[in-house]
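What follows is one structure encoded as structure tokens, with my remarks underneath.
Where a number appears in this text, it was derived from the coordinates with a stated rule and is not lab data. Just so you know, these numbers come straight off a predicted model, no measurement behind them. Neighbour counts are summed over all protein chains in view; Cβ atoms, including those assigned to glycine, are modelled from backbone coordinates with ideal geometry.
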């Protein structure tokens, strides 16, 4: 809607027209539409609405990645959508470093593939964490070993499988990781001048931050471009989406390993008695032989049990459950 003129501005405009200070032709020229240059070699195939819809999809995806990586790395992982843009594939491939972690994903049933690009500093931090370290990146970039590539392939398989649920409102996809490349020259999945959409995720593992770029070629998404609109997206969203997400989180939590220990009893001895202990000595505990033991889950007392054996292994039989209110 154009700007509304006040009565004084209208009177001033009419007086300028009557006095000749303002020319009618000049006004009509100012109202002409501005001509914009259009590059036919690089047509804009992704609109702002398409990019916004992709951001909504990958905001859901980022939550799933954060949950799964936290379980896999045993460390807090924060994931957020950083940006989305459309460029030519040549610009994306030329900006890649060497070596790099590129996952080539067959985005069936759509024709073509997409690329998941994991920055090297983030990949090194993940590898260090999964191999028993604190999750620190390398000071100097080097080639990935075969063992490291095998571990990163498992991470990329997980990132690929998580694509199914965020895309289900657009298409029932079955993405499959076909290969992992460390050289950008071997990841030419489309022509250099073809347009792609890039969604960038910022991932923070502990104190290390890195980027994950998802490359989505237009030729791959061409069949579902009409569904990549906010109107279609919100009209097809299911009301029980949040419930499904909560069930998914609960299923992941159930797979987390927690330490469980059964305590026979406790006692206090002097340092002199401790240093003179010999094989066969008895230590008197503050518990009876027929009394219940305390079973801890983590550092929380959750059960009482009786000691026993199962074949050749020690075991305990749960006698009661300690509730939180107790």
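Listing for the model above:
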read-out	value
Label point distance in nm, residue 306-residue 121, each placed 7 Å from Cα along Cα→Cβ	6.0
Spin-label model distance (nm) - residue 249 vs residue 275, 7 Å beyond Cα toward Cβ	5.4
Alpha-carbon centroids, region 110-137 and region 252-326: separation in whole Å	41
Segment residue 183-residue 260, extension gain: residue separation times 0.36 nm, minus the distance between their alpha carbons	23.2 nm
FRET efficiency, residue 224 to residue 157 (Cβ-Cβ, R0 25 Å, nearest 0.05)	0.60
Pairwise label distance in nanometres, residue 296 with residue 85, each label 7 Å out on the Cα-Cβ vector	5.3
Cα gyration tensor shape for region 260-321, rounded if a/c is under 1.5, else prolate or oblate	prolate
Extension reserve of the residue 95-residue 171 stretch, reckoned as 0.36 nm per residue once the Cα distance is removed	24.3 nm
Whole-percent pair-distance distribution, where bins are 10 Å wide, for the alpha carbons of region 48-254	8, 35, 38, 17, 2
